[in-house]
Amino acid sequence: GENVEQHPSTLSVQEGDSAVIKCTYSDSASNYFPWYKQELGKGPQLIIDIRSNVGEKKDQRIAVTLNKTAKHFSLHITETQPEDSAVYFCASIDTGTASKLTFGTGTRLQVTL
Amino acid sequence: DVKVTQSSRYLVKRTGEKVFLECVQDMDHENMFWYRQDPGLGLRLIYFSYDVKMKEKGDIPEGYSVSREKKERFSLILESASTNQTSMYLCASLTWDSEKLFFGSGTQLSVL
């Protein structure tokens, strides 16, 4: 089955700096890669996703890049703010055959003032 | 907005007890999921259901069962709770024409 590795497990940045979280996946048939953000006391919430026919996608301060050849994708957050502090999960799925997402192990991002 | 509601935010049970975790969604989603979240292990799928009375095992179904008698409700059952089932449990729902999961706020279960 699919295996998703996520790094780093914790990340501390100063407000205004950029943060990058990286994931690798094993199944070359995977074609959909979402990122979820989990704030304290809440369930994860989808913040951005990318499909395998696209190399990069941006939404304001967050962007995701995908390298299908290397089987890795990354989340980039620019101009970080305290409200970006949360746990971030990457995930992957082959939407053609699989019925469930495989999640990474999570990254705890701390944005310090 | 889709709302996925889990009946309890915190739950404390004793070893050997039968435990029910309830989840209700209000958007008529066909698919529902139960995950457990443990530090360093991410989200692991326990069971999912794609229709009423249908269920499929996820990656870690041992020690758990589920029930889906109505479309909006998906229950996770721990037949005989053990200390290694102490965890955060997250319910989620999904409709057929989207890959976007909607999660509840979670139930932190402690088994003593």
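The values are calculated or read from the model by the stated rules, or taken from the named source; none is laboratory data. Keep in mind the model is a prediction, meaning the values are calculated, not measured. With ideal geometry, Cβ positions are generated from the backbone for all residues, glycine too; neighbour counts draw on all protein chains shown. Please note that ligands, DNA and RNA were not included when accessible areas were found on the heavy atoms of the full protein model with its side chains. Shrake-Rupley method; radii C 1.70, N 1.55, O 1.52, S 1.80 Å.
Taking label positions 7 Å along the Cα-Cβ direction at both residue A:15 and residue B:110, the computed distance is 3.4 nm, reported to one decimal. Which entries of A:57/B:70; B:18/B:57; B:18/B:70; B:13/B:100; A:37/B:57; A:22/B:70 have Cα-Cα distances beyond 29 Å here? Flagged as over cut-off: A:57/B:70; B:13/B:100; A:22/B:70.
Measuring nothing but how far apart in sequence close Cα pairs (under 8 Å, 6+ apart) lie, relative to its length, chain B scores a relative contact order of 36 percent.
Using a simple spin-label model with pseudo-atoms 7 Å out from Cα toward Cβ, residue B:15 and residue B:1 lie 4.1 nm apart.
If you take the alpha carbon radius of gyration of the range B:17-64 and divide it by 2.2 N^0.38 Å, what ratio comes out, to two decimals?
1.24
Averaged over peptide B:99-106, the number of partner chain Cβ atoms lying within 10 Å of each residue's Cβ comes to 6. Between residue A:57 and residue B:82, what is the FRET efficiency for a Förster distance of 45 Å, r being their Cβ-Cβ separation, to the nearest 0.05? Calculated value: 0.60. The Cα trace of chain A gives Rg and Dmax of 13.5, 45 Å, the first to one decimal, the second as a whole number. Look at the stretch A:44-55: the mean tally of other chain Cβ atoms within 10 Å of its residues' Cβ atoms is 2. Computed from the C-beta positions of residue A:39 and residue B:53, the FRET efficiency with R₀ = 45 Å rounds to 0.85. What the phi angles of the range B:5-13 give under the Karplus curve with 6.51, -1.76 and 1.60, with θ = phi - 60°, is a coupling list of 10, 9, 5, 10, 8, 10, 9, 10, 10 Hz, glycine and proline written as x.
The separation of the range A:25-95 from the range B:21-91, counted between C-alpha centres, amounts to 24 Å. Projecting the Cα atoms of B:83, B:95, B:60 onto the charge dipole of chain B, computed from C-beta unit charges around the Cα centre, puts B:83 farthest toward the positive end. The C-alpha atoms of the protein assembly as shown occupy a region whose extents along the principal axes are 48, 40, 32 Å, arranged from largest to smallest. Counting only DSSP beta bridges with both residues in the protein assembly as shown, the antiparallel share comes to about 90 percent. Close amide H pairs (under 5 Å, H built 1.01 Å from N) link residue A:27 with A:3, residues at least 5 positions away or on another chain. Across all Cα atoms of chain B, the radius of gyration (one decimal) and Dmax (whole number) stand at 13.1, 41 Å.
The orientation-averaged shadow of the Cα convex hull for the range A:55-105, equal to a quarter of the hull surface, comes to 4.7 nm². When a 1.4 Å probe is rolled over the protein heavy atoms, the share of accessible surface on the range A:8-48 that falls to carbon and sulfur comes to 46 percent.
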